[in-house]
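Notes for the one structure printed next.
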Amino acid sequence: MTSTLSPGFADPVTDAQSCFRAVLDAMARPGRVHTVRGVSAPMPLCEAAGAVLLTLADHETPLRLDPDAAPARAWIAFHTGAPIETDAPAMFAMALSLPDLDTLPNGTDEMPETSATVILQVASLTAGQRFVLEGPGLREPKVLTVAGLPPDFVAIWQRNHALFPRGIDLILCARNKLTALPRSVSIKEA
Amino acid sequence: MAYVAVKGGEQAIDNAHAWLAEERRGDTATPPLSVAQIEEQLGRSVDRVMAEGSLYDRELAALAIKQAQGDLIEAAFLLRAYRTTLPRFAHSKPVETATMRIERRVSAIFKDLPGGQVLGPTYDYTHRLLDFALMADEKAASGGVSMEAADLTTMPRVPDILGHEGLLEADAASDREPGDLTREPLAFPAARDVRLQALARGDEGFLLGLGYSTQRGYGGSHPFAGEIRMGEVSVEIEPAELGFAIDIGDLVLTECQMVNQFKGSKTVPPQFTRGYGLVFGFGERKAMAMALVDRAMRAGELGEDVTAPAQNVEFVLYHSDNIEATGFVEHLKLPHYVDFQSELQNVRRMRTEVAE
Amino acid sequence: MKGYNFAYLDEQTKRMIRRGLLKAVAIPGHQVPFGSREMPLPYGWGTGGIQVTASILGGGDVLKVIDQGADDTTNAVSIRRFFARTAGVRTTTATAEATVIQTRHRIPEKQLRDDQIIVYQVPQPEPLFRLEPSRVETKRMHGLADYGLMHVKLYEDISRFGQISISYDYPVMVNERYLMSPSPIPAFDNPKMDMMPALQLFGAGREKRIYAIPPWTRVKSLDFDDHPFRAINAPHPCGLCGATDSYLDEVVTDDRGGRLFVCSDTDHCGERRAAGHIGADGFQEAAE
């Protein structure tokens, strides 16, 4: 790691807005894949994951960081100010492989919004395993292709989905692409 | 004749603003008010606007009063909207009212006490007779009043005096970060720090009415004005990179400590409890009302029946903010004709169906 | 605008609101508390909608603002100007041209598309507030999905009036889970919310709540099998454009009971007249 950090967004206001609209649309239409204007996030983070962090995380959002992503820690801390790995319940988890969802806050019945959101970096959003999504945001079942989810992902997700309105939301990132899986969506293998 | 839909909202707004500007200025034959004049001569208005506007800046408050033609809620609103856009550089350390440079200090519960009673610049014993001499141009006050500088080392706060005997409940110190209603929405149960913040920003008239209601039996708690003090305190911040506190300026504050009887419980012997009020500037009426309402809202915590409006924390906190209240009350003048039309058709339909 | 950030709000505030919006979309119909800021417009005048719009708006957006269905009502003009001034975005009155539509009390007649977002100004996000004023209590009811209170109220309406008497802000169930206030739109507009292709966002500034309905989500107006939901509208065609399927405003034309019924959606009405649809009272204007 060099002592100089790579920069954040070239245009913080515009780039954050455009990345947010991509995430919002992906959350509203689960599985829709967007390409984002990236940042040169440090290894091992992909462009999209870096952009999502800069867009959503700040000093008010305790972050859990995948140990494998430790080389990006200084960059995240500098550009977002997010408290990383503190005792406070995590609002975001930046993960390179799906974490055990039971170890993250999933909200309460009265305050389901207090759950964590997992930003999960995967190998691909254009090739890999095919899933069928159904739920709010989808007029008809939608197929999503992802490489890099665990083999028992459908079972893990169904447990999460069954908690509704509690539950964890996922933002999937691969290179400069992203999509989202809100807790409201149900997932089957295609 | 054919009907032509009403147009011209933009023009109407421009015209309204132009008319307002003219009316605000008034007759140009009279000299314009300067912001400095407001700041100096309408000090109590400035104080109230700073308190309810949640921003301690006398000059900006005076400007807001001028811009709002003396409408103090409108002026507080102007300050609040400006305040929202300001960056936050630091949190101050808690101000120390025990070392306040006293301009006024009275206690109703002791005839005399260390430091004595200091009346200060009060209207209390003025006879409310219009002073027609003020109609004429005032000469510069000659000489002025010579104020004996109060001896700060002998001005203990009255609760500290009672506290020595254990007769007054102690306030537990806490290192917890206080809540901030301007950043986080109200959530229940609301802790006392958040309640006090809401009251300090709250409408003076609303708190006055609620405080008064507790005196008339709606949640009474036998209050005594333990002490009211007004004066200047220093504000300090402690930048992390320095590691020690630095003085960044002074504030004028009014603090009121109400002392209330408490019969005690199985675990706590009988003692006095407190209601607390603290506001920006000279705001004695507000500080006293605040202390009454603060104490009333502690009913649940102290095991008293919660029956009166002033004791209902949710009721008080959701309705004390005059910027919220004025916005929502006044929004009724916005067009509602779509909803009214819906009601109209509904009533017509129900009348037809009844007739059939 | 000099001295202020793009779209007025600072980036920290936008991030906080954006996080709230994502949660709102993930939990359709649930009211998410947010740190609503004091805006330079009064509470109750659209501060929630304005904060939501300011948090989503980008340079490429085209904004439409309506109040009572009309683009030229004074508060709509004021809000449109606010964004033109603070964000420099392009504004429009044409529903089809807009990418973001901020509204008070109406949903446009033209069906909204997949690439549009509608932002509702909400005065009172809690659908149960007339039945239970304590938000501590109503929050508990939402947590348990215990909406018995509302069903009892509707049932009492039927036994008293023979029908459900609510004509605007008619409560809906979102995705079969949350009871939600649609904001004070006329019940006539409720069916448009069901399976709408556009994303629907709701902002309540004074009450400090955000909520959302994703596209293609079931939104059901509460009713009973033997007393199904009925939309209410004046039984007339629009006097200006002759439309029979749009929501109508009643205009008093004289003090002898004269009435004229015209489209509340001014863009819809204007578009129809431009296309040659003329109502009984619209001929002369069209000929001018």
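Above 15 Å lies some portion of the pair distances; for the range B:254-294, what is it as a whole percent of all C-alpha pairs? Here the tail beyond 15 Å accounts for 45 percent of pairs.
State whether the range B:10-83 is rounded, prolate or oblate according to the following rule on the C-alpha gyration tensor (a ≥ b ≥ c being the square roots of its eigenvalues): a/c under 1.5 gives rounded; otherwise a/b larger than b/c gives prolate, and the remaining case gives oblate.
Here the range B:10-83 falls in the oblate category.
Comparing B:102, B:13, B:38 in a Gaussian network model of chain B where C-alpha atoms under 10 Å apart are linked, the largest mean-square fluctuation is found at B:13. Here the Gaussian network model covers chain C, with springs between Cα atoms less than 10 Å apart; of C:31, C:12, C:102, C:12 fluctuates the most.
Quarter the surface of the alpha carbon convex hull of the range C:98-199 and you get the mean projected area, 7.0 square nanometres.
Estimated from the Cβ-Cβ distance and a Förster radius of 51 angstrom, the FRET efficiency linking residue A:37 and residue B:37 is about 0.45. List the lysines whose Cα sits under 21 Å from the Cα of residue A:188, skipping any in the same chain fewer than 8 residues away. Straight-line reach from residue A:188, under 21 Å: A:142.
Roughly what % antiparallel, to the nearest 5, for the DSSP beta bridges in the protein assembly as shown? Looking only at bridges with both residues in the protein assembly as shown, the antiparallel portion is about 70 percent. Over the residues of chain A, the helix contribution to mean residue ellipticity at 222 nm works out to -7000 deg cm²/dmol, using -39500 (n - 2.57) for each DSSP H run of at least 4.
If both residues of a DSSP beta bridge must be in chain C, then about 60% of such bridges are antiparallel. Hey, in the GNM for chain A with a 10 angstrom Cα cutoff, which one of A:110, A:47, A:85 fluctuates hardest? Greatest mean-square fluctuation among the candidates belongs to A:110. When Rg and the Kirkwood radius Rh are both evaluated on Cα atoms of the range A:12-189, their ratio Rg/Rh stands at 0.93. Share of Cα-Cα pairs in the protein assembly as shown beyond 46 Å, in percent? So the pairs more than 46 Å apart make up 34 percent of the total in the protein assembly as shown. What the Kirkwood sum gives for chain B is a hydrodynamic radius of 23.8 Å, with every pair of different alpha carbons counted. Anisotropy class assigned to the range B:250-323 is oblate, per the alpha carbon gyration tensor with a/c at or over the 1.5 cut-off and a/b no larger than b/c. Over every Cα atom in chain C, the radius of gyration and the widest Cα-Cα span, Dmax, amount to 19.6, 60 Å.
In the range C:122-163, the residues whose accessible area drops by at least 40 square angstrom when the other protein chains are added to the isolated chain are C:136, C:139, C:143, C:163; the probe is 1.4 Å and only protein heavy atoms count. All C-alpha to C-alpha distances of the range C:142-252, sorted into 10 Å bins beginning at zero, yield P(r) values of 12, 38, 34, 14, 1 percent in whole numbers. Given a cut-off of under 8 Å on Cα pairs at least six residues apart, what relative contact order in percent is computed for chain A? So the answer I get is 24 percent. Under the simplified labelling scheme, the residue B:85-residue B:250 pair shows an inter-label distance of 3.2 nm, with each label point 7 Å from Cα along Cα→Cβ.
Given the range C:248-287 reduced to its alpha-carbon atoms as identical point scatterers, what log10 I(q)/I(0) does the Debye formula return at q = 0.16, 0.17, 0.29, 0.31 Å⁻¹? Debye output, listed in q order: -0.44, -0.49, -1.04, -1.10.
Per residue, the protein assembly as shown exposes 46 Å² of solvent-accessible protein surface, assessed with a 1.4 angstrom probe and all protein chains in place.
The values are calculated or read from the model by the stated rules, or taken from the named source; none is laboratory data. Predicted model only: the values in this text are computed from it and were never measured. Glycine also receives a Cβ, built like all others from the backbone with ideal geometry; neighbour counts cover every protein chain displayed. Ligands, DNA and RNA are stripped out before the accessible areas are found, and what is left, the full protein with its side chains, is counted by its heavy atoms. Shrake-Rupley method; radii C 1.70, N 1.55, O 1.52, S 1.80 Å.
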